[in-house]
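> Right, I'll just put the structure down here and ask away after.
The values are calculated or read from the model by the stated rules, or taken from the named source; none is laboratory data. Worth saying up front: this structure is predicted, and the values here are computed from it rather than measured. Quick reminder, even Gly has a Cβ in these numbers, built from the backbone with ideal geometry, and neighbours come from all protein chains shown.
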Amino acid sequence: MKLSLRFVLPLMLVLAGFAYALGPLVDKLTTQWFVRDLEIRASLIVNTIQEPLQEQLAAGKKAKIGDFFSRISQDERLFAVGYCASPAATALASRSLPAEIRCDQLQRWQGPGDHLLPSAQGPLHVAVRPLVNEAGTGGNLVLVHDMSFVTRRSEETKRYVFYFFTAMAAVISLITVVIAQLSWRGWMAGMQSLLRGEGLLRQPAANTPKHASEFKPIARDLQRLIHELEAETRARDESNVTWTPEALRAILHGELRGEDVIVVSNREPYIHQRRGERVEVQRPASGLVTALEPIMRACSGTWIAHGNGSADREVVDRYDRVAVPPEHPAYQIRRVWLSPEEEAGYYYGFSNEGLWPLCHIAHVRPTFRSGDWAQYVAVNRKFAKAVVSESKTKNPIVLVQDYHFALLPSMIREELPDATIITFWHIPWPNPESFAICPWRDEVLAGLLGSSILGFHTQFHCNNFVDTVDRFLEARVDRESFTVSFGGKPTAVRRYPISIAWPPEPDMVQKPVMDCRTSIRQLNDLPPEHKLGVGVDRLDYTKGIVERFRAIERLMELNPEWIGRFSFVQIAAPTRSGIDEYQHHEAQVRAMAARINTRFARQGPPPIILKVEHHEPKAVYEYCRAADLCFVSSLHDGMNLVAKEFVAARDDERGVLVLSQFTGAARELAEALIVNPYDADQCAAALHMALTMPAAEQRDRMRLMRGLVAEFNVFRWAGRMLLDAAAMRRRGRLIEKPGSQT
Ligand code: F6P
């Protein structure tokens with residue numbers, strides 16, 4: 001409206017001024033027109049009165065002629081009439097004939113000029129016409145017209161001209177404003193769709209405005225500018241922030257206006273188990289839980305997960321919620337119950353026999369069954385309903401975790417179109433050829449593209465995902481901004497390397513390292529100076545436990561001085577034991593440990609101490625603090641947080657990390673001894689190097705790694721995602737309502 005007034009008022013003023021400036025011209029033109037009219041009128045009058053006048057002259061009735069003229073000049077416009085028989089004669093005239101008009105000066109009114117005579121009542125027009133009789137001439141008739149009506153008419157005309165221009169200004173303004181509004185809306189719609197990435201990309205969507213191409217360059221520039229500004233702000237924000245729970249809370253309250261966060265994962269952070277009369281609370285062996293739990297403590301909100309503990313149903317309220325952590329409740333777990341059929345199809349089947357081996361290059365064939373897929377779809381739908389029922393607003397922030405919920409983002413998007421959905425894929429993403437074997441690959445991709453942000457640990461996995469989408473879906477892929485548009489809103493594909501809480505909970509590092517060394521050695525019947533290695537994993541074939549044992553065996557072969565002087569404690573948390581492949585793997589691991597131990601048993605403690613049982617985080621930390629080295633030999637791993645936990649546990653700056661090059665962690669922890677787990681000789685050499693590494697070198701390496709984990713901790717991981725989500729929300733508001741930010 002303001003804009004319209006800003007345009008209309010000046011236009012009206014200009015046109016009104018123009019109308020005003022036309023005044024003299026109007027005067028001149030109307031005078032000319034009326035003078036011409038009066039000339040014609042004069043000729044007409046002369047023709048009309050010529051005959052009666054000549055009759056009266058012929059009859060010598062000169063006296064009556066004055067009266068005759070006076071009668072004629074009662075006409076509204078005819079002011080006076082006179083007759084001059086000759087230049088020397090006295091005019092026979094009506095009484096009103098001005099004195100200036102004399103017979104001897106008639107030529108003054110006959111030549112070229114406007115023949116106007118000023119008078120007290122306004123200008124007079126004087127016309128002289130010869131009277132023609134049979135003899136040839138018969139004197140001149142003088143007709144004087146009152147011109148004051150011309151001035152009146154001229155004034156009226158000027159008024160009408162002014163009204164006309166003013167009305168014209170109003171109409172032009174109105175039309176212009178309407179057209180401008182319509183074009184502006186069209187322009188904005190085009191620009192908005194382009195800024196959303198719908199028109200910039202390779203294949204324009206059917207609903208992309210036709211004129212979008214006109215805006216492409218400008219929209220590209222704008223997009224680039226927005227991304228640069230965001231990147232700059234993020235870099236500045238990131239480098240200025242010390243990433244703590246408080247910093248995360250500040251982001252949530254400042255940038256996201258205190259929005260509640262909803263996390264969805266399959267695994268719950270606290271499992272209630274019945275042990276006889278008691279209910280025990282267990283913390284599962286899960287990198288995901290390790291990372292997300294401190295985030296939820298900091299942010300509050302709700303964590304929706306599958307309730308599978310034997311006492312889980314006993315402790316929830318009537319909304320299936322329970323407050324955790326048990327000691328100091330900070331957030332809610334909302335438990336979703338699954339039937340054995342649902343769990344078999346969704347969790348064991350499609351998630352862990354299908355997607356898990358599909359995404360990990362561990363040489364285990366994926367198995368896809370349509371029955372599993374049906375359960376996977378149904379369970380994703382069930383969780384989507386839980387998200388909707390837990391969300392307090394129409395636009396919650398939902399953090400969807402992992403491959404169990406590939407369909408969840410688009411299902412949430414259907415119900416809550418304004419939700420900000422951040423999906424994090426905790427495992428690797430394979431190349432398009434590998435992924436193509438999934439019979440429901442398009443559905444999986446489409447489901448994930450319901451996310452606002454889709455995160456992976458490494459850029460390599462982001463690239464694989466975008467390549468896969470590009471290969472199989474009719475989606476628009478913008479490789480500059482790493483954004484994919486499929487159907488609805490665009491999805492930003494980003495790298496967010498996950499991490500752990502820093503500093504570790506005081507409880508975890510409370511026991512001095514020396515005490516840990518002593519107690520762990522005592523617990524395992526090892527001499528005080530015995531060298532100790534540690535591995536902590538779920539008993540999963542992707543973790544390379546078989547390869548790890550082979551490397552230990554090779555170490556004993558290549559460096560027999562370690563036989564009886566070095567033992568490796570493998571903590572292996574039982575996992576997914578309902579799956580044949582896992583049962584087979586467990587049997588293989590147990591058999592291998594037994595074989596190697598038998599082979600080297602004659603000279604003291606065994607090389608491998610295998611503990612296939614769940615260990616609480618505190619116990620894991622104690623082992624990490626007690627060990628001389630930690631060996632992570634995953635065949636393929638999105639990140640591997642055990643590597644980072646080992647570093648976090650070593651506040652004494654001692655201990656060596658031997659790390660598989662196929663983990664995401666290897667890209668960050670460059671000071672570890674990086675190995676190829678398939679190369680047993682190389683791994684054995686690395687183990688030997690670790691066992692003989694001077695304390696100073698251990699300290700230098702550990703210090704650098706600790707610095708990195710401290711800086712790139714899990715609060716930064718979550719903070720970056722939330723900051724990106726906040727920027728996305730801001731951009732969304734800007735695009736929806738362009739005026740609202742001005
Ligand atoms: O590594 C992938 C992952 O889903 C992790 O996020 C999690 O730590 C682990 O697997 C848990 O596996 P499960 O829940 O099947 O025991």
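> Within segment 324-335, count every residue that is more than 16 Å from the ligand (Cβ to nearest atom) and either crowded, with 21+ Cβ neighbours inside 10 Å or part of a strand (DSSP E or B) (or both).
Looking only at that region, the number is 4.
> Would you confirm, using the coordinates I've provided, whether F482 is of a type in the set (F, W, Y) and in contact with a Lys or Arg (Cβ under 8 Å, 6 or more places away or on another chain)?
Against the criterion (of a type in the set (F, W, Y) and in contact with a Lys or Arg (Cβ under 8 Å, 6 or more places away or on another chain)), F482 qualifies.
> Testing A344 on (1) out of contact with any Asp or Glu (no Cβ under 7 Å at 6 or more places or on another chain); (2) of a type outside the set (D, E); (3) under 20 Å from T420 (Cα atoms), one condition comes back false. Which one is that?
Result: A344 fails condition (3) only.
> Before we move on, is V612 of a type in the set (V, I, T), surrounded by fewer than 18 Cβ atoms within 10 Å (Cβ to Cβ) and either at pLDDT below 95 or under 25 Å from A643 (Cβ atoms) (or both)?
In short, yes.
> Okay, moving on. Are any of the residues in segment 296-316 at pLDDT below 95 and within 16 Å of the ligand (Cβ to nearest atom)?
Yes, some residue in segment 296-316 is at pLDDT below 95 and within 16 Å of the ligand (Cβ to nearest atom).
> Could I ask something else about it? If I filter segment 496-517 for residues that are out of contact with any helix residue (DSSP H, G or I) (no Cβ under 8 Å at 6 or more places or on another chain) and in contact (Cβ under 8 Å) with a residue 40 or more places away in the chain, do I get at least one hit?
For segment 496-517, residues out of contact with any helix residue (DSSP H, G or I) (no Cβ under 8 Å at 6 or more places or on another chain) and in contact (Cβ under 8 Å) with a residue 40 or more places away in the chain: absent.
> Here's a follow-up. Got a number for residues in segment 651-675 being closer than 15 Å to M693 by Cβ and assigned to a strand (DSSP E or B)?
Here the count works out to 7.
> Could you tell me which residue of segment 570-590 is nearest to A690 (Cα to Cα), considering only residues that are surrounded by fewer than 21 Cβ atoms within 10 Å (Cβ to Cβ) and of a type in the set (A, V, I, L, M)?
So the residue we want is A573.
> I've got another one for you. Looking at Q74 and the list (1) modelled with pLDDT of 85 or more; (2) within 16 Å of I45 (Cβ to Cβ), which single condition is not satisfied?
Of the numbered conditions (1) modelled with pLDDT of 85 or more; (2) within 16 Å of I45 (Cβ to Cβ), the odd one out for Q74 is (1).
> Of all residues in segment 531-560, which are part of a loop (DSSP other than H, G, I, E, B) and surrounded by 18 or more Cβ atoms within 10 Å (Cβ to Cβ)?
Within segment 531-560, L539, D540, G544 qualify.
> Take segment 308-323 and flag every residue that is assigned to a loop (DSSP other than H, G, I, E, B) and under 9 Å from H272 (Cα atoms).
Result: N308, G309, S310, A311.
> In this structure, does E586 turn out to be away from the ligand (no atom under 15 Å from the Cβ) and not in a strand (DSSP E or B)?
No: the conditions fail for E586.
> For residues in segment 500-545 being among the β-branched types (V, I, T) and touching a Ser or Thr at 6+ places or on another chain (Cβ under 7 Å), which is nearest to V647 (Cα to Cα)?
I500
> If the requirement is being without any contact (Cβ under 8 Å) to a residue 12 or more places away in the chain, over 26 Å from the mean Cα position of the chain (by Cα) and surrounded by fewer than 15 Cβ atoms within 10 Å (Cβ to Cβ), which of these qualifies: G276, G258, G254?
Among G276, G258, G254, only G276 is without any contact (Cβ under 8 Å) to a residue 12 or more places away in the chain, over 26 Å from the mean Cα position of the chain (by Cα) and surrounded by fewer than 15 Cβ atoms within 10 Å (Cβ to Cβ).
> Write out, first by first residue and then by second, each pair whose Cβ atoms fall under 7 Å of each other, whose residues are 6+ apart or on separate chains, and whose first residue, in segment 538-558, is within 16 Å of the ligand (Cβ to nearest atom) while the second is of a type in the set (A, V, I, L, M) and assigned to a helix (DSSP H, G or I).
L539/V589; I545/V589
> Determine if segment 336-345 includes at least one residue that is more than 13 Å from the ligand (Cβ to nearest atom) and part of a strand (DSSP E or B).
For segment 336-345, residues more than 13 Å from the ligand (Cβ to nearest atom) and part of a strand (DSSP E or B): present.
> Another question, then. Would you check if A649 is more than 26 Å from the chain's Cα centre (by Cα), modelled with pLDDT of 95 or more and crowded, with 19+ Cβ neighbours inside 10 Å?
Answer is yes for this residue.
> Going by what's in this entry, would F79 be described as in a helix (DSSP H, G or I) and on the phi < 0 side of the Ramachandran plot?
For F79, the condition - in a helix (DSSP H, G or I) and on the phi < 0 side of the Ramachandran plot - is not met.
> If you don't mind, there's one more thing I want to ask. Quick one: what pairs do we get from segment 596-615, first residue in contact (Cβ under 8 Å) with a residue 12 or more places away in the chain, second surrounded by 15 or more Cβ atoms within 10 Å (Cβ to Cβ) and of a type in the set (S, T, Y), C-beta under 8 Å, 6+ apart or different chains?
P605/S567; P606/S567; P607/S567; I608/S567; I609/S567; H615/Y623
> Only one residue in R365, R321, R334 is in contact (Cβ under 8 Å) with a residue 24 or more places away in the chain and among the basic types (K, R), so which one is that?
Matching residue, one of R365, R321, R334: R334.
> Out of the residues in segment 282-295 that are among the hydrophobic types (A, V, I, L, M, F, W, C) and within 19 Å of V336 (Cβ to Cβ), which is nearest to the ligand (Cβ to nearest atom)?
L288
> Right, here's the next one. Kindly indicate which of V387, V398 is more than 30 Å from G544 (Cβ to Cβ), assigned to a helix (DSSP H, G or I), out of contact with any Lys or Arg (no Cβ under 7 Å at 6 or more places or on another chain) and touching a residue at least 60 places away in the same chain (Cβ under 8 Å).
Step by step, each of V387, V398 is checked, and only V387 is more than 30 Å from G544 (Cβ to Cβ), assigned to a helix (DSSP H, G or I), out of contact with any Lys or Arg (no Cβ under 7 Å at 6 or more places or on another chain) and touching a residue at least 60 places away in the same chain (Cβ under 8 Å).
Conditions (1) touching a Leu at 6+ places or on another chain (Cβ under 7 Å); (2) part of a helix (DSSP H, G or I); (3) surrounded by fewer than 23 Cβ atoms within 10 Å (Cβ to Cβ), marked per residue:
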| site | (1), (2), (3) |
| --- | --- |
| R365 | no, no, yes |
| V377 | yes, yes, yes |
| F383 | yes, yes, no |
| H404 | no, yes, no |
| D418 | no, no, yes |
| I421 | no, no, no |
| W429 | no, no, no |
| E433 | no, yes, yes |
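> Right, another one. Which one of these is at negative phi, within 16 Å of the ligand (Cβ to nearest atom), touching a residue at least 12 places away in the same chain (Cβ under 8 Å) and not aliphatic (A, V, I, L, M): W373, W429?
One residue alone meets the criteria, W429.
> Here is a further query. Give the residues of segment 406-424 that are in contact with a strand residue (DSSP E or B) (Cβ under 6 Å, 6 or more places away or on another chain) and under 15 Å from V336 (Cβ atoms), sorted by residue number.
L408, I412, listed by residue number.
This table checks each residue for (1) surrounded by 15 or more Cβ atoms within 10 Å (Cβ to Cβ); (2) out of contact with any Phe, Trp or Tyr (no Cβ under 7 Å at 6 or more places or on another chain); (3) at pLDDT 80 or above.
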residue: G17; (1), (2), (3): no, yes, no
residue: A21; (1), (2), (3): no, yes, no
residue: D37; (1), (2), (3): no, yes, yes
residue: I40; (1), (2), (3): no, yes, yes
residue: I45; (1), (2), (3): yes, yes, yes
residue: D67; (1), (2), (3): no, yes, yes
residue: A80; (1), (2), (3): yes, yes, yes
residue: S94; (1), (2), (3): yes, no, yes
residue: P98; (1), (2), (3): yes, yes, yes
